[in-house]
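I have placed the structure first, in the form of structure tokens, so that the comments after it can refer back to it.
No lab work stands behind these numbers, since they all come straight from the coordinates. What you see is a predicted model; the values in this text were computed from it and never measured. Counting neighbours? That spans all protein chains shown, and the Cβs are built from the backbone with ideal geometry, glycine included.
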Amino acid sequence: MHVRVFLSRYRGYATCPECAGGRLRREALNVRLGGKNIGEVAALSLEQARAFFDLLELSPEETAIAQKVLDEIQRRLRFLNDVGLEYLTLDRLASTLSGGEAQRIQLATSLGSRLVGACYVLDEPSIGLHSRDTGRLIRILEELRDLGNTILVVEHDRDVMHAADYIVDLGPGAGENGGQVVFAGDYDQLTSNGGGSLTGRYLTGEMKIPVPEGRRKIDRKQQVRFLGAFAHNLKAIDVAIPLHALVVVTGVSGSGKSSLVHDVIYQGFRAQHNQPGAFGEDAAEGQDDNAPRLECRRIEGANLVQQVILVDQSPIGRTPRSNPITYIKAFDAIREVFASMPEARKRNYSPGHFSFNIPGGRCETCQGDGTVTVEMQFLADVELVCEDCKGKRYKSSILDIRYQGRNVHDVLQMTVREGLAFFGSHHKVTHKLKLLADIGLGYLRLGQSATTLSGGEAQRVKLAAHLAQARCDRTLYIFDEPTTGLHFDDIAKLLAAFRKLIASGGSVLVIEHNLDVIKTADWVIDLGPEGGDGGGRIVVEGTPEEVAVCEASYTGRFLRAALKI
Amino acid sequence: MSQEYLEIRGARVHNLKNVHLRLPHNRLIVITGVSGSGKSSLAFDTVYAEGQRRYVESMSAYARQFLERITKPDVDEIEGIAPPIAIRQKNTTRNPRSTVATATEVYDFMRLLFARAGRTFCSRCGARVKKDSVDEVAAQILALPAGSRWYVLFPIATPASKDRLFDLRKKGFNRLFQQGRTFEFSTPESLLEIDFSKPLFVLADRIAIGGDLRQRVVDTVESCYREAGEALFQSAESEALELRCSEKFECKTCRIGYEEPEPRLFSFNSPFGACPKCQGFGNVMDYDLSRVIPDPTLTLEHGAIEPWTKPAYRKFLERLKRTAAGKVRFAAPYRELTPAEREIVMREVQRFFE
């Protein structure tokens, strides 16, 4: 190999030798405040920075010119600490923050702006927060309200509901069965007289996710061990992941859960198996095209697992052409049903004619979109319903073909549940649709475009696709906070799906804060004890009962209440 | 607020079934329900979308054309809507310059604080860099031992032009000063003895500490600053004893001038503050340490430096072993090496890549 080619393999972005990553010219670092230059201050965590600025003493003249500025800094740092981000450093790149962290930063910034009379609309701010930190988040929301703002929160967390002044419960079901106000009033009314509200029944304990009677036995021979994991803040820890069980990784924010699961375990497997990334789009999300790297010293027992699949909440597709049934590959079977109709055979239609993605049967005016986009020069593009097919996506000759009185467009408008009844005798179709219905997606329309699915829905569609593959054997499924966007009732369904995966020979590894999930786990690995530098160790591992009695574990304390120990 | 409720009538966005709802203002309101029950449709696609739309409508037609035209949500009426702010679970930042500090505006205030209240220190000797204000100088001089006598001088650039000397004389400065000797303009022949290759000063004043001297010192220092930007107090008793003060922002010992801190000096997004090598990114295209040393738990001996494990390049490791024998522990994992040891290794790696 040519030397140059060889050396280029080691090229990449390296820390700037001039400023050592501090980004500033040297002159700027000659200026100090409280003994630190601005680069050193920026390297502090939000918690340390708060202490630094609180203890900063200014001379009387400096106070006169800078006290207001100092006040602003102190106030903002206090908010950032209060939303549970004390482990982030000031110079942390904003592009590397998780969705939840970014949201909470925005929340703290809004609070800093002291706007009055606004209406804040928030989407599940408790996601990614350990039960310990939810209380602080609630105080922030209350503070924002007391400034004179209206706060509208979409939320499933029990504690946030308890703190709310007013609760609106929508339902009763999902999709077509939802969209009605089941209840509107305060927490006490909801729990005393919820009027059939599903949320109310879960809150009062009338309905609940049960603690499983028995747990799966952990087989010590069936486990993968990661020795000396050192990614990010992990302190060279040895972790064993039992297989054929539901394993939950817990810990406060920043304790190293994601580092362990994503960087050590997922990347480690990929490095060992040299998988270019399981399931296309999941890997494509990662910004680096680097080969996966081993972030631990050694992996033992990796051969017990054949493939690793990360099921995350990224969208299943960015084009409106992708939809739930194309994703789980049920549409192929439906097209075959239509192509097998006598009328279709007479006209020599193949299953391909019933696709709206390839030329043949689709309406060529809108190319199967159902809509035509008109460019309006300076104004935003306008979408018009296609004049030729009237939004039905197919040529009229194709729509003539009917199965039990319905054409292919009608079928795309059905919900999963309707489809299940409609295709009753076609096992190839119902087998896959049933998977969608089982994990609580019975309300989705078959042709609903992927762009309109929520993150939680997308994740569950992916889950169904994996279940459909039916080769769960020796597969490790990794989920990062699968309860995002899920109501108590949906969590029960998700847990049922997990059981199914394990029953067919798979293993499930989950990062989760939700106590309902943690208490049903077979094995819990609690990281911490604190976030950032104070974390990265295993506080306790074992069954939920064993974790609950561990004094040092924050998770344990909350688990005790959930398990009623 | 005049209206106490946000009132929604006949919302039919997505799956909402003609929803009527009154939500109290200035309250914490939770919207809940099973997944897909229409929570987001109500909060984001109805309340937020309508508020946003009205806000945009209120702008001038010119401004509106740049904003995406927002379609009206399918709702009969929304009353008492406040300007909405959506805070979503999404990290949309892709900019490599954005950090937690800049995103929260903390950095903007930090820049201001460092510019106003930061203290500059000389990069060579570490002494405080500051301007000497006339008042500070006066206070310092008045604190000197009473009765001590001082020459107040300011330098003139050598070789001094004839014009400059005439000019000074016209302004009323009558004496020049060099190495303890004074030369008077009134006796021109004495000026011939001045050594113009050496620093030359103008004697602005002679003072003895004591009494009400303040105004005089202030006047003198001001005129020194006006002429030369600095003033020198030299003891009449001992030539070595001197006090320099300057209105310039410089290190008084090393005489290195510094720029006065301004907020932009601390901004890595401004050419005034950004590191000239990396333009404020903090990274440069170079060899990537994490690829050169993929596994820091390995020892140097066992191939911590990945490229040197190849037979063709083993000689570099051998060379390092010779040159750094005793200075670097070859049997310890790389991650346990001290910064000093790492520096020796890195110097060799650097050479390898050049």
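Key figures
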{"item": "Mean-position separation - Cα centroids, the stretch B:124-142 and the stretch A:467-523, in angstrom", "result": "69"}
{"item": "Chain B: angle of helix B:339-353 to the longest principal axis, Cα-based, in degrees nearest 10", "result": "80"}
{"item": "Added length on full extension, which subtracts the Cα-Cα distance from 0.36 nm per residue, A:LYS329 to A:ARG225", "result": "33.9 nm"}
{"item": "Environment charge at B:PHE281 (Cβ cut-off 10 Å; Lys +1, Arg +1, Asp -1, Glu -1)", "result": "+3"}
{"item": "Local electrostatic count at B:GLN215 - Lys and Arg +1, Asp and Glu -1, tallied over other residues with Cβ under 14 Å", "result": "-3"}
{"item": "Across B:LYS162/B:LYS198; A:LYS208/A:LYS564; A:LYS493/A:LYS519; A:LYS329/A:LYS493; A:LYS36/B:LYS252; B:LYS130/B:LYS248, pairs whose alpha-carbon gap is larger than 18 Å", "result": "A:LYS329/A:LYS493; A:LYS36/B:LYS252"}
{"item": "Label point distance in nm, A:ASN357-A:GLU57, each placed 7 Å from Cα along Cα→Cβ", "result": "7.0"}
{"item": "Residues A:HIS426, B:HIS20 arranged by fewest to most Cβ contacts within 10 Å", "result": "B:HIS20, A:HIS426"}
{"item": "Under the Karplus curve 6.51 cos²θ - 1.76 cosθ + 1.60, θ = phi - 60°, whole-Hz ³J(HN,Hα) for the stretch A:155-172, x wherever Gly or Pro sits", "result": "8, 10, 6, 4, 5, 5, 4, 4, 7, 6, 7, 8, 10, 10, 10, 9, x, x"}
{"item": "Sparse-neighbourhood loop sites, GluC sites (Glu not before Pro) in the stretch A:164-264 - DSSP loop, at most 13 other Cβ within 10 angstrom", "result": "A:GLU206, A:GLU213"}
{"item": "Cut-off under 5 Å, modelled amide H: who pairs with A:ARG11 long-range", "result": "B:ASP288"}
{"item": "Mean separation of Cα contacts under 8 Å (6+ apart) over length of chain A, as relative contact order %", "result": "15"}
{"item": "222 nm mean residue ellipticity, helices alone, for the protein assembly as shown (DSSP H n ≥ 4; -39,500 (n - 2.57); rounded to 500)", "result": "-9000 deg cm²/dmol"}
{"item": "Backbone HN-Hα couplings from phi across the stretch A:297-309 [Karplus 6.51/-1.76/1.60, Hz, Gly and Pro as x]", "result": "6, 7, 10, 10, x, 5, 6, 6, 10, 8, 9, 10, 10"}
{"item": "Residues of type lysines that A:LYS346 reaches as a straight line, Cα spacing below 18 Å, ignoring anything fewer than 8 places off in the same chain", "result": "A:LYS395"}
{"item": "Amide H within-cut-off set for A:ARG23, under 5 Å, with H built and near neighbours excluded", "result": "B:GLY282"}
{"item": "Test item: B:118-124 mean partner chain Cβ contacts at 10 Å", "result": "5"}
{"item": "Computed Rg/Rh of the protein assembly as shown, alpha carbon atoms with Kirkwood Rh", "result": "1.09"}
{"item": "Principal-axis tilt of helix A:46-55 within chain A, Cα atoms, nearest 10 degrees", "result": "30"}
{"item": "Charge context of A:VAL517, other residues only, Cβ under 13 angstrom, K/R +1, D/E -1", "result": "-3"}
{"item": "Shape category assigned to the stretch A:13-112 from the gyration tensor of Cα positions, a/c cut at 1.5", "result": "oblate"}
{"item": "Amide H within-cut-off set for A:VAL539, under 5 Å, with H built and near neighbours excluded", "result": "A:ASP526, A:LEU527, A:GLY528"}
{"item": "Gaussian network model of chain B, springs between alpha carbon atoms under 10 Å - residue of B:VAL292, B:VAL202, B:VAL34 with greatest fluctuation", "result": "B:VAL34"}
{"item": "Part-to-part distance (alpha-carbon centres) for the stretch A:57-74 and the stretch A:179-220, which is given in Å", "result": "51"}
{"item": "In order through the stretch B:267-278: 3J(HN,Hα) via Karplus (6.51 cos²θ - 1.76 cosθ + 1.60), integer Hz, x for Gly, Pro", "result": "9, 7, 9, 10, x, 6, x, 5, 4, x, 6, 10"}
{"item": "Degrees between helix A:554-563 axis and first principal axis of chain A (Cα, 0 to 90, nearest 10)", "result": "50"}
{"item": "Length added when fully stretched, B:ASN174-B:ARG351, from 0.36 nm per residue minus Cα-Cα", "result": "57.4 nm"}
{"item": "Beta bridge orientation in chain A: antiparallel %, DSSP, nearest 5", "result": "55"}
{"item": "Shielding by partners, peptide A:88-99 (average Cβ within 10 angstrom, other chains)", "result": "6"}
{"item": "Relative contact order computed over chain B (Cα-Cα under 8 Å; 6+ residues apart), in percent", "result": "13"}
{"item": "Global geometry of chain B, whether rounded, prolate or oblate, following the gyration tensor of its Cα atoms and the 1.5 cut on a/c", "result": "oblate"}
